[in-house]
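Heads up: the structure comes next, in structure tokens.
The values are calculated or read from the model by the stated rules, or taken from the named source; none is laboratory data. Bear in mind the structure is a predicted one, so any value in this text is a computation, not a measurement. Heads up, the Cβs are rebuilt from the backbone with ideal geometry, glycines too, and the neighbour counts pull from every protein chain shown. We work out accessible area using only protein heavy atoms, side chains counted, and drop any ligands, DNA or RNA first. Shrake-Rupley method; radii C 1.70, N 1.55, O 1.52, S 1.80 Å.
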Amino acid sequence: MDLNERKLGILKAVIDDYIMTGLPIGSRTISKKHGIELSSATIRNEMSDLEELGFLEQPHTSAGRIPSHRAYRFYVDRLMKVVKLNAAEATRIKGYFEEKMAEIEQVMERAAQVLSDTTHHISMVLRPQLKKSMIKRIQMVKITEHKAILLLVTTAGLVKDTVISVPGGITPDYMEMLSNLLTDNLAGKTLEEAEIDLECCLKENASANSEFAADILNAIETSVEPHGRRGIVLGGTQNVIDYPEYMSVEKAKKFISVLETKDMLYDMMKKATNLEFSVTIGQENDASELFDMSVVTATYKIGGKTLGSFGVIGPTRMDYAKVVSILGHVSSSLNSILLNFIELDDD
């Protein structure tokens, strides 16, 4: 429903004030702080209309109004103006990534830290979904009579230390031959694209050792796409105690259980990888534990290909414009850093 300019101005003022204070907003506050040249009585009438339209709520009879989840959605879609971070804020974020990092895992952990520190919300970073990255080499190295390490080099870095069982009779020369064959057949393809070819190649060239072929296939699939708690990095989980929305012990316990298991968050962030930016508010979230929260996500790329997502969970009254701006800056930083990993690996 379209709102006239007067209602839009009052609604934006209520949302802006509530985001800042967390306190119900009255008509006198609006008239004094926001330069709206209307009497308190007129503002009060407009706020009553906005309440009837479902944009405002009155928690207590004598209290002011607070925005509804519908209001936040309208604000994000129609009223929010994302501005660039100032120089000091951009420099602060850059500082988190200036220390040399040897592994992509360190980059993911640093990204979670900068997000939680700068937004004061709970951060989530999905580890690279390597099935979407391109294969450069597959190498198997025998380490004992019955064990070998499978190394998978991709455009997103090195997946290593995946131990596979080696049946009797498998020689190092045979493993080298099989490694070269797999590399020749699969290099340049994504792991997603190569799944069928990988299985066919192993069946054709390791048919006499079907159990060994199955172990190789399983090792590659499980090592490149960690699921659930292994697939996501969290930061700032202690920030939940600062949210008035979670003053209730029972509500806090339920939410903390979501953070501890991580499985639901992993599924949510994996879905978010399909969208460059996303904002889900209150009951738009699938899980009831997040009905009082909002989730804002963005994606990161390696070599121009989207491989993962990151974002924050916070109260529905979060400063959406600031959060989106921070996520955009972190996305650019991550993309540059991860591109360096590829260039270093190519060298």
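A compact table of results
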| read-out | value |
| --- | --- |
| Inter-probe distance in nm under a simple model that places probes 7 Å from Cα toward Cβ, at residue 149 and residue 263 | 3.2 |
| Potential extension, residue 248-residue 196 segment - 0.36 nm per residue separation minus Cα distance | 13.7 nm |
| Karplus 3J(HN,Hα) series, Hz, for region 146-154 with 6.51 cos²θ - 1.76 cosθ + 1.60 (x for Gly, Pro) | 10, 9, 9, 9, 9, 10, 10, 9, 10 |
| Heavy atoms of residue 94: accessible area, 1.4 Å probe, square angstrom to 10 | 120 |
| Square roots of 5 times each gyration tensor eigenvalue, C-alpha, the chain, largest first, Å | 51, 19, 16 |
| Packing rank of 45-51, 112-118, where each peptide gets the mean count of other beta carbons within 10 Å, highest leading | 112-118, 45-51 |
| Straight-distance crosslink candidates among lysines, where the alpha carbon sits under 27 Å from residue 203 and sequence neighbours closer than 8 are dropped | 131, 132, 136, 142, 147, 160, 189 |
| Computed over region 235-347, Cα set: Rg, Dmax in Å | 15.7, 55 |
| Volume in Å³ per residue [convex hull over Cα atoms, computed for region 1-144] | 209 |
| Three-way shape call for region 60-184 based on the alpha-carbon gyration tensor, with the a/c threshold at 1.5 | prolate |
| Label-reachable residues, region 104-143, where backbone N falls under 16 Å from a point 7 Å from residue 173's Cα toward its Cβ | 142 |
| Cβ-Cβ FRET estimate between residue 96 and residue 271, R0 fixed at 45 Å, reported to 0.05 | 0.95 |
| Efficiency of FRET between residue 32 and residue 230 - r from beta-carbon atoms, R0 41 angstrom, step 0.05 | 0.20 |
| Calculated P(r) tail over 16 Å for region 235-279, as whole % of Cα pairs | 50 |
| Point-to-point label distance, residue 335-residue 45, nm (Cα→Cβ direction, 7 Å offset) | 5.0 |
| Dipole moment magnitude, nearest 20 debye, region 231-315 about Cα centre, only Lys, Arg, Asp, Glu C-beta charged | 360 |
| Region 19-73: Rg to Rh, with Rh as the Kirkwood radius over Cα pairs | 0.94 |
| Stretchable slack from residue 82 to residue 2, in nm (0.36 nm times residue separation minus alpha-carbon distance) | 26.6 nm |
| Check: region 1-55 dipole with +1 on Lys, Arg Cβ and -1 on Asp, Glu Cβ, in debye | 260 |
| Cα gyration tensor of region 52-134 - equivalent ellipsoid semi-axes, whole Å, descending | 38, 17, 13 |
| Computed lengthening from residue 20 to residue 58, 0.36 nm per intervening residue step minus Cα-Cα distance | 11.9 nm |
| 1.4 Å probe accessible area per residue over region 6-157, in Å² | 50 |
| Pairs beyond 31 Å (Cα-Cα), from 253/322; 84/251; 262/305 | 84/251 |
| Positive-end residue of 188, 58, 238, charge dipole of the chain with Cβ unit charges | 58 |
